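Take a look at this one; I'll ask things after.
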Amino acid sequence: MLLQAIAFYVFSTVLLLSALAVVSARNPVHSVLFLIFAFFNAAGLFVLLGAEFLAMILVVVYVGAVAVLFLFVVMMLDVDFEDLKKGALQYLPIGAVIGLAMAAELALVGLVWKLAPASAGVRASATPTGMTNTEALGHIIYTDYVYYFQIAGLVLLVAMIGAIVLTLRARTGVRRQSIPVQNARTPEAAMQLVDVKPGQGA
């Protein structure tokens, strides 16, 4: 237990420091690197909680795809973040008021929130006995909530198709592939023989 407590405080401290570095770093590339570091520490916390599947998903999906995509986009676009940050101080009072209001709401929820008596045993053992975390999560998603899972996948599919349709632009002068025309081509239509006279060149 002592080793787990030490690991928890180490992961939590590094996670908080990395999160602060994400929003305070001047270089956007450094921000993305700190974000990746924060993801790794959050995955460590998930492992301590016994949720190894969530830790793996966090590393594979967010670190391996999302954060690296952010890094490549920032490096390719070469966005001048100094110009974007100009005038940000004028919104500081409004942001401070909103932040204080959110902190007050969270404190109010924390004061009045109580756990149900039956949840003590669930918190002590998040996964059923004899089952791994991944197996228990798969049983819940694909057995108990399979219809909600399919509906969520359908909504994401519709959103993806809508994003493609909205961003698709038809450009004039672009040669496009026509499969029926390609299949109907004959050697006579695809090849032209030219008789070049001596000394004339092609």
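The values are calculated or read from the model by the stated rules, or taken from the named source; none is laboratory data. Note that the structure is predicted; figures quoted are calculated from it, not measured. Ideal geometry is used to build each Cβ from the backbone, glycine not excepted, and the neighbour counts take in all protein chains shown. The accessibility values were calculated without ligands, DNA or RNA, using every heavy atom of the protein model including side chains. Shrake-Rupley method; radii C 1.70, N 1.55, O 1.52, S 1.80 Å.
Phe149 passes all but one of (1) surrounded by 10 or more Cβ atoms within 10 Å (Cβ to Cβ); (2) more than 19 Å from the chain's Cα centre (by Cα); (3) without any contact (Cβ under 8 Å) to a residue 12 or more places away in the chain; (4) within 23 Å of Phe46 (Cα to Cα); which number fails?
The failed condition is (2).
So, one more: If you check Val158, Val174, which single one turns out to be more than 30 Å from Phe46 (Cβ to Cβ), open to solvent by less than 100 Å² (accessible area, probe 1.4 Å) and more than 21 Å from the chain's Cα centre (by Cα)?
Working: Val158 fails: more than 21 Å from the chain's Cα centre (by Cα).
Just one listed residue meets the conditions, Val174.
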